[in-house]
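Q: Pasting a structure here, questions to come.
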Amino acid sequence: MGNERRFSREHEWIQPEGGQGLIGITDYAQKELGDVVYVELPAVGAELKRGETFGTVESVKSVSDLYAPVSGRVVAINQAVVDEPEILNRDPYGAGWLVKVAIAAPGELADLLDQASYEAEFPPA
Amino acid sequence: MMYMAKETPFTALARAAGAKLTEYAGYLLPVWFSGQLAEHRAVRERVGLFDVSHMGRLRFAGVGAGSLLERLLAGAVPPPTSDRVRYNLLLNPSGGLLDDLLVYPLGGDYGLVVNAANAAADLKYLRDEAPAEVMVSDETEATAALALQGPAAVALLRDLAGDLTLPGTYRYARGQIGAIPVGISRTGYTGEDGFELYTTRADGPRLWEEIRRVGGKYGLALAGLAARDSLRFEAALPLYGHELGPTVTPLEAGLERFLAWERPFVGREALLRRPPEVGLRGLRVLGRASARSGAVIYQGGQAIGRVTSGMPAPTLGENLALGYLPLETAPGERLVVDIRGRQEPVEVISIPFYRRERDHGK
């Protein structure tokens, strides 16, 4: 599987590295949301379960739930995004990472989409 | 048969300018161009241009037109030769709101500008009630409408309008912009000074191009539905489907000053028998999440109302909400709102949240 970024249909991505992974939302998602004004993230130590909500992203226009693309324990959260939510619009794949998890079941990565498949289903504008 | 949203006279121009389009009330309209916050700020600080062609534009012609409107509308109907635009209300016999709208005297005829979502129902009702000698026509598809809003709107339009004297607040004038015949209305839905401009469908794109041609000098921003909503919300202007609806009366909505009590109108007697028990109030959410439409409001553990509109207010930097609460609810009171399952504290505050005379430069 390697360390390539994987995508969920709920517009989250995970970038695995070793047994951990950075999780964020896609460019498609940030474009749909508009100007992000508030991000609510779980606490370090929280257990995420694949497919369940683990936080919210709020723009002026709407609120969206964040869905865990894989199961795992939160080992770090991105305080920069909490302090400056607009980072999510500017750089959703880099500085806009949301949480780092210790991946509980690496097999779950195979159930996610690769970039080509995700972009085929959700074409970049 | 697949349902297709209709293009407005400006959909193609908006698309070419990079708009994110959405379907709204059956039309393809911009949600935003550069972004909601940038457009919202542009209107508060400079000037923004909105496509408002989706609004229904109805014409009433014939000798009985004024009398028909005086019977069916709850507010003042300007005399035929007046230049006064009137915000007005269409009520059902129970005093509930069917629509809120603008009435234009057109030198004998009358024009109504109504909410897009209600246009078909309004047209049917008004047509059914109209006597034979009153012609009711739907001019929406044959015309185009733009809103130019913000402190620099007057200067921009003066630049284009040459010798034409621009109308004062809630007045209407016909004139030429470039070589384009335009109806110029000093009205809007943003809480800023500005205009709503009406022309033919064919002339619409040229009017847009003319405004954009000089717009750079004034910091003009193309603006979409998202900014339109956050702007009107800060000014506490009601939105049909949120603050207004068939079970809401003008007395509850804070619109009593628009009622022409001195003459009969549909819904008048019901309003007299139906004193309000709730009123529209403002709320400041004290936490970081916003209360959104539908959120339940509690006092002492009892549900006492619901949020009708709520969002982070860009100009004011606060999470604010509107909702109907018991009449005695007053600014300063602390209540609780359920935001996605969490009980969050809120404070009742006075509305409007934003007043341009008071809050400019915020």
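Q: Hey, in the GNM for chain B with a 10 angstrom Cα cutoff, which one of B:Q36, B:Q302, B:Q343 fluctuates hardest?
A: B:Q302
Q: Among B:L106, B:L327, B:L49, which one shows the highest mean-square fluctuation when chain B is modelled as a Gaussian network with alpha-carbon springs under 10 Å?
A: Ranking B:L106, B:L327, B:L49 by mean-square fluctuation puts B:L327 first.
Q: Considering the dipole of chain A built from charges on the beta carbon (Lys and Arg +1, Asp and Glu -1) around the Cα centre, which of A:P69, A:A95, A:F122 is farthest to its positive end?
A: Farthest towards the positive end: A:P69.
Q: Mean residue ellipticity at 222 nm from the helices of chain B, using -39,500 (n - 2.57) per DSSP H segment of n ≥ 4 over the full residue count, to the nearest 500 deg cm²/dmol?
A: After summing the helix terms and dividing by the residues of chain B, the value is -6000 deg cm²/dmol.
Q: Just how large is the dipole of the range B:1-142 about the Cα centre, in debye to the nearest 20, putting +1 at every Lys and Arg Cβ and -1 at every Asp and Glu Cβ?
A: 420 debye
Q: In the range B:124-169, which GluC sites (Glu not before Pro) fall in coil by DSSP and have 11 or fewer other Cβ atoms within 10 Å?
A: B:E133
Q: Still on this structure, please answer the following. Relative contact order for chain A using alpha-carbon pairs under 8 Å, separation at least 6, rounded to a whole percent?
A: Contact order relative to length: 30 percent.
Q: May I pose another question? Once you have the Cα-Cα distance between B:L316 and B:M135, take 0.36 nm times their residue separation minus that, and quote the gain in nm to one decimal.
A: That works out to 60.5 nm of additional length.
Q: OK, next. Could you tell me the largest-minus-smallest coordinate of the C-alpha atoms of the protein assembly as shown on each of the three principal axes, in descending order and whole angstroms?
A: 81, 56, 50
Q: With +1 on each Lys and Arg Cβ and -1 on each Asp and Glu Cβ, how big is the dipole of the range A:50-91 about its Cα centre, in debye rounded to the nearest 20?
A: Rounded to the nearest 20 debye, it is 200 debye.
Q: Still on this structure, I have one more. Would you work out the charge dipole size for the range B:69-160 about its Cα centre, treating the Cβ of every Lys and Arg as +1 and the Cβ of every Asp and Glu as -1, and quote it to the nearest 20 debye?
A: 260 debye
Q: Okay, moving on. Based on the alpha-carbon gyration tensor of chain B and its eigenvalue square roots a ≥ b ≥ c, which shape applies: rounded if a/c is under 1.5, prolate if not and a/b is larger than b/c, or oblate?
A: Oblate shape, in that a/c is at least 1.5 and b/c is the bigger or equal ratio.
Q: Hey, got a sec? Which chymotrypsin sites (Phe, Trp or Tyr not before Pro) in the range B:75-175 land in a DSSP loop and have at most 15 other Cβ atoms within 10 Å?
A: B:Y170
Q: Counting other Cβ atoms within 10 Å, which chymotrypsin sites (Phe, Trp or Tyr not before Pro) in the range B:1-39 have at most 15 and lie in a DSSP loop?
A: Answer in residue order: B:Y3.
Q: Have a look at the DSSP beta bridges in the protein assembly as shown and tell me what percent are antiparallel, nearest 5.
A: Antiparallel bridges make up about 95 percent of those DSSP assigns within the protein assembly as shown.
Q: When chain B is modelled as a GNM with alpha-carbon springs shorter than 10 Å, which of B:A16, B:A303, B:A153 fluctuates the most?
A: B:A16
Q: Next question. So what's the gap between the Cα centers of the range B:87-120 and the range B:198-247, to the nearest angstrom?
A: Centre-to-centre distance over Cα atoms comes out at 19 Å.
Q: Further question: Mind grabbing the base-10 log of I(q)/I(0) for the range A:50-125 at q = 0.14, 0.18, 0.20, 0.24 Å⁻¹? Debye formula, identical points on the C-alpha positions, no solvent, two decimal places.
A: Those come out to -0.56, -0.94, -1.14, -1.37, one per q.
Read the figures in this text as sums done on the coordinates, not as results from a lab. All values reported here derive from a predicted model rather than from experimental measurement. Cβ sites come from the backbone with ideal geometry, for glycine too, and all protein chains shown count toward neighbours.
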